[in-house]
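All remarks here apply to the structure that follows.
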Amino acid sequence: MAEQTTPVEAPAGADGQIEYGDFYYRHDCGVPYERNEYWLGFFDRIADSIVREFHPSSVLDAGCAMGFLVEALRKRGVDARGVDVSEYAISQVHESVGEHCSVGTLTEPLGQRYALIACIEVIEHIAPAEADKVIANLCAATDRLLLSTTPEDYGEATHLNVQPPEVWSAALAREGFLRDLDHDLSYLTPWAAVYSRREEPLAETVRNYDRSWWRLRHEVSEVRTALLKAQEQLAELESDEGENRPELLQELDRRNEEILRLRDLLIGRDAELGTARGQLAALEDQTQRVANVAGRVQSKIPWLLRPASLLLRLLRTLRRS
């Protein structure tokens, strides 16, 4: 979810526990969290990315709120379910996925396994004393966990356990889960990551992390160098009071226009690539479904397929002749 930095005091129940009710969803999620164009569009994009990158057969949205991600994934053919501690949020789930979302707590075992569990901006709401239990329950129910939890928003009243990413990486490593460095989830949040259950030699783990660290450090260094160079050029233009100043300013305008043109071109190409990937994923899914249906039909009535196959070969022979 989008987070706000200005704290809003969410009301607590008689037992002192925070109530995630109407007040919370109207005030503590940045954009009011309700069935609107912003949130439906947001989770549509997340669902597209999850299907494109992971092709999961089943997904649990752990902390599903009003079930928007569950709804978006089920529209894309994924067996998606959701659980949330808020009775109010579950009462707002769309009727199309009502039977697939339920009230529950992550401090209890999840009851079944999933190809992927998504836990988006939820763990920071868990009290530190229960965090390890929640991590263990999530890991026991899947071999792949998509985790996004803010490392910096301490001002939100319901954030009980804000931690830097390495704290969660260490906790997940104790459960046998390592960060998948080949997946970039910055389309969700800058700190989102996917963790997978795997056993590998320590040397391989160190190699993978060091490769990622060096690549990121190199990219940051290049960006910083480019920015410093741009600042120097701009400073030269601003300090030049000579007769060439008008020409230099015109040249600067032309370069800015070219940068904008190239940026728009890049955005367009990136959009085209995303569309193509989405279409490819859809075609792969359709192909697999057709293959599955054909396999089931052939296993049940193979004697019907043999005459059809012979007839097709006969027709092809007649066409060639």
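The values are calculated or read from the model by the stated rules, or taken from the named source; none is laboratory data. Computed from a prediction, not measured in an experiment: that's the story for all the values here. All Cβ positions, glycine included, derive from the backbone under ideal geometry; neighbour counts span all protein chains shown.
In the stretch 56-73, what count of residues is obtained for those that are under 19 Å from Ala141 (Cβ atoms) and either in contact with a His (Cβ under 6 Å, 6 or more places away or on another chain) or not small (Gly, Ala, Ser) (or both)?
Here the count works out to 8.
Just name the residue that is surrounded by the most Cβ atoms within 10 Å (Cβ to Cβ) out of those in the stretch 190-214 that are in contact with a Lys or Arg (Cβ under 9 Å, 6 or more places away or on another chain) and at pLDDT 90 or above.
Tyr195
Answer yes or no as to whether Ala173 is farther than 22 Å from Ile46 by Cα and modelled with pLDDT of 85 or more.
Numbers: farther than 22 Å from Ile46 by Cα: yes; modelled with pLDDT of 85 or more: yes.
Considered against the rule, which asks whether it is farther than 22 Å from Ile46 by Cα and modelled with pLDDT of 85 or more, Ala173 comes out as yes.
Residue check, Ser96 against (1) closer than 24 Å to Arg52 by Cα; (2) hydroxyl-bearing (Ser, Thr, Tyr); (3) part of a loop (DSSP other than H, G, I, E, B), all met but one. Which one?
That leaves (3) as the condition not met.
Testing Glu121 on (1) in contact with a strand residue (DSSP E or B) (Cβ under 9 Å, 6 or more places away or on another chain); (2) free of Cβ contacts under 8 Å to residues at least 40 places away in the same chain, one condition comes back false. Which one is that?
If we test Glu121 against (1) in contact with a strand residue (DSSP E or B) (Cβ under 9 Å, 6 or more places away or on another chain); (2) free of Cβ contacts under 8 Å to residues at least 40 places away in the same chain, just (2) comes out false.
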